[in-house]
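Trainee: Structure in structure tokens, see below.
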Amino acid sequence: MNTGKSSAIYMKKAVFRVSLIFAAAFIAIFIFFSFFISMRTKVQAMGSDMEVVYESYEIKKGDTLSSIAQKYASGVNMSRGDYMYKVRRTNQISGDLIHEGCYLVIPVEKTL
């Protein structure tokens, strides 16, 4: 007669463990989406609120990743190398080769 009672306790513990696992998974998913869905970063610049947004940039003749980074990196508080890395990663580019007429998604600074 004790086996029925102990198996009921075992089932309650198992259900509790599964509930904890689902709760932890839900919290982890919530945290993931709250941090990574938004691609906007607020930046404080010269006492005014600035925001980093992503825009489409058409590659012009003579443009290089380095020249684009030199033009835009300081506006988003990044070094040229970090900016180039971010542009490569965002656009899934493995090297430095870009082509005139193609488009890149680049981070730029906007006033709020």
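Trainee: Please go through segment 41-60 and give me each residue that is exposed (fewer than 10 other Cβ atoms within 10 Å of the Cβ), of a type in the set (A, V, I, L, M, F, W, C) and at pLDDT 70 or above, ordered by number.
Mentor: none
Trainee: For segment 66-77, does any single residue satisfy the condition of being in a loop (DSSP other than H, G, I, E, B), free of Cβ contacts under 8 Å to residues at least 60 places away in the same chain and within 14 Å of Glu109 (Cα to Cα)?
Mentor: yes
Trainee: Also, quick follow-up: On the given criteria, is Ser38 on the phi < 0 side of the Ramachandran plot, small (Gly, Ala, Ser), outside any helix (DSSP H, G or I) and modelled with pLDDT under 80?
Mentor: yes
Trainee: May I ask you to list the residues in segment 61-70 that are surrounded by fewer than 15 Cβ atoms within 10 Å (Cβ to Cβ) and either at negative phi or among the charged types (D, E, K, R) (or both)?
Mentor: If the condition is that a residue be surrounded by fewer than 15 Cβ atoms within 10 Å (Cβ to Cβ) and either at negative phi or among the charged types (D, E, K, R) (or both), then Lys61, Thr64, Ser66, Ser67, Gln70 are the ones that fit.
The values are calculated or read from the model by the stated rules, or taken from the named source; none is laboratory data. Note that the structure is a prediction, hence the values are computed from the model and not measured. With ideal geometry, Cβ positions are generated from the backbone for all residues, glycine too; neighbour counts draw on all protein chains shown.
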